[in-house]
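Scroll down for the structure; my scribbles are underneath it.
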């Protein structure tokens, strides 16, 4: 079983959707979608049609009762397994039932490559978004020369 | 109360330390420490002296019974509040009792700035480390022009 996890405040509209449907999707926007992604975080689904406003396209899949964004390069479809209270947030833990990735973001081995997905980094203190920077090295490898 | 969180596999040496001491520190290495950070992830504290091998300096603080790395630009000292099982990992949730940040990584408002901390991104699928990339925009702001 492969695990996906995401956290939200209880006051959000999405919180009720996830608890009610026992499912969630992790939609990973790319750098190109940074304005739309910020808008999605600012407004609530209670009062705005986020898809209509941003021009993004919702798609329902047979697997999990929650929409995904067809323009985003990477989507994880999860079945809710567990919920934990962590300070102001509730952390949702799910079993990943499917991963939908655009062909263009896959690396040599057929796995999503962070340099191609180009996800958005969020600094909650300074309140900025950043892209992914330069390659620093291979994990479980560059450290072998230390000793 | 401000919350810090980190997750580990149960088999790790650090897992036992955290459970025993009911405390943990989140040591955030910078790009410059990527080789040492990889080494720290590869070897176990059961069989290696990670500080001696990497040349990093452990410091004990009065606040929390766990060492921090003096060379790393940002350290969160946490008192263990809760533990959750999430797949293969245990997630530790703590109250942040102190934040130690080098002067040089603080932004205009005295908060740690991701562009100055320069933390390391880890892609667990492709197994690469990356730096933080270019500024994409201000959060809770650039999305306001959508509607």
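Is it the case, given these coordinates, that residue A:68 is under 16 Å from residue A:24 (Cα atoms), within 16 Å of the chain's Cα centre (by Cα) and surrounded by 14 or more Cβ atoms within 10 Å (Cβ to Cβ)?
Judged against the criteria, residue A:68 is a match.
State whether the residues of region B:56-65 include one that is within 8 Å of chain A (Cβ to nearest Cβ), out of contact with any strand residue (DSSP E or B) (no Cβ under 8 Å at 6 or more places or on another chain) and either surrounded by 14 or more Cβ atoms within 10 Å (Cβ to Cβ) or farther than 17 Å from residue A:129 by Cα (or both). No - not one qualifying residue is present in region B:56-65.
Counting the residues of region A:16-30 that are touching a residue at least 12 places away in the same chain (Cβ under 8 Å) and outside any strand (DSSP E or B) gives 6. The single residue among A:48, A:52, A:36 that is within 20 Å of residue B:142 (Cβ to Cβ), without any contact (Cβ under 8 Å) to a residue 40 or more places away in the chain and under 15 Å from the mean Cα position of the chain (by Cα) turns out to be A:36.
Going by the structure shown, is residue A:97 within 23 Å of residue A:40 (Cα to Cα), within 15 Å of the chain's Cα centre (by Cα) and more than 7 Å from chain B (Cβ to nearest Cβ)?
Judged against the criteria, residue A:97 is not a match.
Is it the case, given these coordinates, that residue A:126 is crowded, with 16+ Cβ neighbours inside 10 Å, at pLDDT below 95 and either under 14 Å from the mean Cα position of the chain (by Cα) or facing chain B (nearest Cβ under 7 Å) (or both)? Yes. If you check A:42, A:86, A:120 for being within 8 Å of chain B (Cβ to nearest Cβ), under 30 Å from residue B:105 (Cβ atoms) and buried (at least 19 other Cβ atoms within 10 Å of the Cβ), only one passes: A:120.
For residue B:147, the conditions (1) modelled with pLDDT of 95 or more; (2) assigned to a loop (DSSP other than H, G, I, E, B); (3) within 9 Å of chain A (Cβ to nearest Cβ) all hold with the exception of (1).
Can we say residue B:108 is more than 8 Å from every other protein chain (Cβ to nearest Cβ) and in contact (Cβ under 8 Å) with a residue 60 or more places away in the chain? Here the answer is no, as residue B:108 does not meet what is asked. Quick check on residue A:92: is it in contact (Cβ under 8 Å) with a residue 40 or more places away in the chain, closer than 30 Å to residue B:90 by Cα and touching a strand residue (DSSP E or B) at 6+ places or on another chain (Cβ under 9 Å)? For residue A:92, the condition - in contact (Cβ under 8 Å) with a residue 40 or more places away in the chain, closer than 30 Å to residue B:90 by Cα and touching a strand residue (DSSP E or B) at 6+ places or on another chain (Cβ under 9 Å) - is met.
Which residue, of B:69, B:64, is modelled with pLDDT under 90 and in contact with a helix residue (DSSP H, G or I) (Cβ under 9 Å, 6 or more places away or on another chain)?
B:64
The criterion of at least 3 residues that are more than 18 Å from residue A:144 (Cα to Cα) is met by the following helices (runs of 4 or more DSSP H) wholly inside region B:31-131: B:114-117. Kindly check whether there is at least one residue in region B:15-29 that is closer than 27 Å to residue B:130 by Cβ and surrounded by fewer than 16 Cβ atoms within 10 Å (Cβ to Cβ). No, every residue in region B:15-29 fails to be closer than 27 Å to residue B:130 by Cβ and surrounded by fewer than 16 Cβ atoms within 10 Å (Cβ to Cβ).
The values are calculated or read from the model by the stated rules, or taken from the named source; none is laboratory data. Please read all numbers here as calculations on a predicted model, not as lab measurements. Cβ sites come from the backbone with ideal geometry, for glycine too, and all protein chains shown count toward neighbours.
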